[in-house]
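Structure, as structure tokens:
The values are calculated or read from the model by the stated rules, or taken from the named source; none is laboratory data. Since the structure is predicted, the reported quantities are computational estimates derived from the model, not experimental observations. Please note: Cβ atoms are built from the backbone with ideal geometry, for glycine as well, and neighbour counts cover all protein chains shown.
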Amino acid sequence: MRAYYLDNPEHTLTAADLATEGILSWQLPVDEAGYAAPLQEIRESRGYVEMDQIHLGADTPDLEALCDKFFTEHLHTDEEIRFVVGGAGIFDLRDKDDAWMRVHVVPGDLIIVPKDKYHRFTLDEARTITCKRLFQDTTGWTPVNR
Ligand SMILES: [Fe+2]
């Protein structure tokens, strides 16, 4: 994971900095044998009962239209939890002063976007990501555009 202010990439952000903005993150092992146990521990401690896996890449129909949609600034009334197992992605998240913080996630990164936090998502130049989505509840998880 690499995090920094979008308007000043030299101003990097640590996991602790992100935590002060309510954004929790973990770096887990990249291989399933390594991440299975810590991932399960996080799921149990935070009540993430549901999990699925999504993939975006060259084989995804309308990939660029989807990315445009995800890149529209929005929030959710529940947490958005992503664990990256392949490829990479970019989350932009608003800090308390409305500045964009950019978080570049790679395999092994687990990030929790808190509820009511404005954000947007896109792919990096590799144009592919595979990640697990975790949920406390599958109902009511819809984007609310800004
Ligand atoms: Fe979202």
TODO: Looking only at segment 56-73, decide whether some residue is touching a strand residue (DSSP E or B) at 6+ places or on another chain (Cβ under 9 Å), part of a strand (DSSP E or B), at pLDDT 95 or above and surrounded by fewer than 16 Cβ atoms within 10 Å (Cβ to Cβ).
DONE: no
Task: Members of segment 74-88 that are at pLDDT 95 or above and surrounded by fewer than 17 Cβ atoms within 10 Å (Cβ to Cβ) - done: G86
- [ ] Just name the residue that is nearest to T20 (Cα to Cα) out of those in segment 89-100 that are crowded, with 21+ Cβ neighbours inside 10 Å and of a type in the set (A, V, I, L, M, F, W, C).
- [x] L93
Task: Among residues of segment 1-53, those that are part of a strand (DSSP E or B) and modelled with pLDDT of 95 or more, counted - done: 15
TODO: Filter segment 78-92 down to residues that are within 11 Å of the ligand (Cβ to nearest atom) and out of contact with any Leu (no Cβ under 8 Å at 6 or more places or on another chain), then give me how many there are.
DONE: 4
Task: First in segment 102-130 and without any contact (Cβ under 8 Å) to a residue 40 or more places away in the chain, second anywhere and within 13 Å of the ligand (Cβ to nearest atom), Cβ under 6 Å, 6 or more apart - done: D124/I90
Open item on the list: One residue is enough: does segment 135-143 have a residue meeting the conditions free of Cβ contacts under 8 Å to residues at least 60 places away in the same chain, surrounded by fewer than 14 Cβ atoms within 10 Å (Cβ to Cβ) and within 15 Å of the ligand (Cβ to nearest atom)?
Closed with: no
